[in-house]
Structure formats: C-alpha cells, structure tokens
Amino acid sequence: MIYCVEDERNIRELIVYTLESSGYPTKGFETGKEFYKALEEQQPDLILLDLMLPGEDGMEILNRLKNSDVTKSIPVILVTAKGAEYDKVMGLDCGADDYITKPFGMMEFIARVRAVLRRTGREDKIDGDLESGDLKILIQKHQVLAGGLEVVLTLKEFELLKYLMENKGIVLSRDRILGHIWGYDFDGETRTVDVHIRTLRQKLGSYGELIKTIRGVGYKIGD
Ligand code: CA
C-alpha cells in the first residue's frame, strides 16, 4: 500500500491512478489529518508527501514520521513544486528517501517509486504479503505460513491475523479489532475477540507466541 498526501486534487488523482495502474494499491489524502487517521489503521510501504499543504506542512509531517518509532522506517518521497535546493537538502536531511519536483513525467515518477521500494527492500512486499519473523501471510493466495508450513485458518482468524500483522508493533484494542473485523454494528462482545485469538494461537502452535496480550488493552504482534 502506498499513501499519497497531496492537497491538489488533480495531481493527487493522477498519482493514485498512475500507481494503481502500475499495480501499486494507493490511497490519496488531502490533508495531514486524514493521512494520520489512515496511518493508525494501516501502515503503508511508501509515503508520497507534498511539501506545500494547508495546515501542517509536509516538512512537519516528515519530522513527525521520522520521530516516531512506529513510522520512522517507512520510506518517504517528497513531491513538491518547490524546486529550491534548500528544500531538497532540508528534506533529505530530515530523512526523506527521495525528492521529486513538480511537474514530473509519469514514467520518471514510477521509476523513482520503484527505485525507492527496491532500495528499501519493500518491492516484493508491495502486493500486500505480510511477515513477522517466520510467520507469513501470502495475501494473493490467502495463505498463512508458519515456519514454512501452511496453517489453515477460518476467514475471521485469517482477517484477525492479517489486521495484527498490518499493524505490526501497534497495540490494537479489543473494540478496534471488533469494529474492524466484525463491523461496528456487530452486536457482540469484545470476548469474541479473545475467543478467536485463542484458537488462532492454538493453530499457529509455537508461532502463536508472536501474538502478545497487552493486559487491559488488547493485542499486538511484534515489538
Ligand atoms: Ca500542495
């Protein structure tokens, strides 16, 4: 998944269209606020960040991303009309992986995106495969591998594991898990989550230990 923060609608739609046509699922956001909200739901493999934004600007967003342990390893490409050497150096100094100046050709743009994904070792993950240690989810095949062996899960168990792995390192509350997997209008209890976590752990065997219980809050995978 690629996230693109760009307030100019035409450019945002063009970027999303171009990336999706090239096989990269992409979501566009008009403001930092919308982007942060999505970031809580799912972490992308790459962020395209416009510098000139209303409200919090791109450089502030970049600083915030790079100062958080959860988001600092996500590669960022700055996309901006400002071609000044100063901004470019500032952006790269602040941890951006590349810098594209508007206007740009789409061929060049895709090439730059690919190059950053390759350099940061995320190219083969982009189609959505997830992994945490020896636990892997092959999204296209709808398959879970633990230590190389396939584990057969029910649909809810699969979605639960996928949601935890999409948010590696983030504690997910029972309510949030319930809302995401069962829907917010689900007329059940948060205990449903515990029951599914238990069967999921059993099926994963020793790899079930990767799912950590955070007492009084919920669950997470990874450190
Ligand atoms: Ca802008």
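The values are calculated or read from the model by the stated rules, or taken from the named source; none is laboratory data. Everything numeric in this text was worked out from a predicted model, so none of it was measured. Ideal geometry is used to build each Cβ from the backbone, glycine not excepted, and the neighbour counts take in all protein chains shown. Accessible surface is based on the protein model in full, side chains and every heavy atom, while ligands, DNA and RNA are left aside. Shrake-Rupley method; radii C 1.70, N 1.55, O 1.52, S 1.80 Å.
Using the Cα centre as the reference, give the magnitude of the dipole from point charges on the C-beta atoms of the range 1-137 (Lys, Arg: +1; Asp, Glu: -1; all else neutral), rounded to the nearest 20 debye.
It works out to roughly 200 debye.
List, largest first, the extents of the alpha carbons of the range 102-223 along their principal axes, each in whole Å.
So the three principal-axis extents are 52, 34, 26 Å.
Within the range 130-223, list the chymotrypsin sites (Phe, Trp or Tyr not before Pro) lying in a DSSP loop whose Cβ has at most 13 other Cβ atoms in a 10 Å radius.
Working: sites: 158, 163, 182, 184, 186, 207, 219; in loops: 184, 186.
Passing both the DSSP loop test and the Cβ count: 184, 186.
Hey, if you put +1 on the Cβ of every Lys and Arg and -1 on every Asp and Glu Cβ in the chain, which of 164, 39, 29 ends up farthest toward the positive end of that dipole?
With unit charges placed on the Cβ atoms, the residue in question is 164.
Once neighbouring chains are kept in place and the probe is 1.4 Å, which whole percent of the accessible area of the chain is contributed by carbon and sulfur?
That share works out to 50 percent.
Which Cα, out of 177, 137, 211, lies furthest along the positive dipole direction of the range 72-223 (beta carbon charges, K/R +1, D/E -1)?
With unit charges placed on the Cβ atoms, the residue in question is 211.
What accessible area per residue, rounded to a whole number of Å², is obtained for the range 7-76 using a probe radius of 1.4 Å? Before the final figure, lay out each step's value.
Working: 3560 Å² over 70 residues.
On a per-residue basis, 51 Å².
Divide, for the range 1-97, the radius of gyration over alpha carbons by 2.2 N^0.38 Å, where N is the residue count.
So the range 1-97 has a normalised radius of gyration of 1.00.
Anything over 20 Å Cα to Cα? Flag those among 72/136; 66/102; 33/72; 136/220; 136/212; 156/212, in the order listed.
Long pairs (Cα-Cα over 20 Å): 72/136; 66/102.
Can you pull the Rg over Rh of the chain, Cα-only, Kirkwood?
A ratio of 1.01.
Tally the DSSP beta bridges in the chain and give the antiparallel ones as a percent, rounded to 5. If you can, show how the numbers build up before the last one.
Working: 16 of 32 bridges.
Percent antiparallel among DSSP bridges in the chain is about 50.
Which of 115, 16, 54 sits closest to the plus end of the dipole of the chain, meaning its Cα is farthest towards the positive end, when Lys and Arg get +1 and Asp and Glu get -1 on the C-beta?
Working it through, the farthest residue towards the positive pole turns out to be 115.
Looking at the chain as a GNM with Cα springs under 10 Å, which of 105, 205, 58 has the largest mean-square fluctuation?
Among 105, 205, 58, the largest mean-square fluctuation in the Gaussian network model of the chain belongs to 105.
Report, ordered by chain and residue number, the aspartates and glutamates lying within cross-link reach of residue 203, taken as a straight Cα distance under 16 Å and ignoring same-chain residues fewer than 8 apart.
Within reach: 134, 150, 157, 159, 194.
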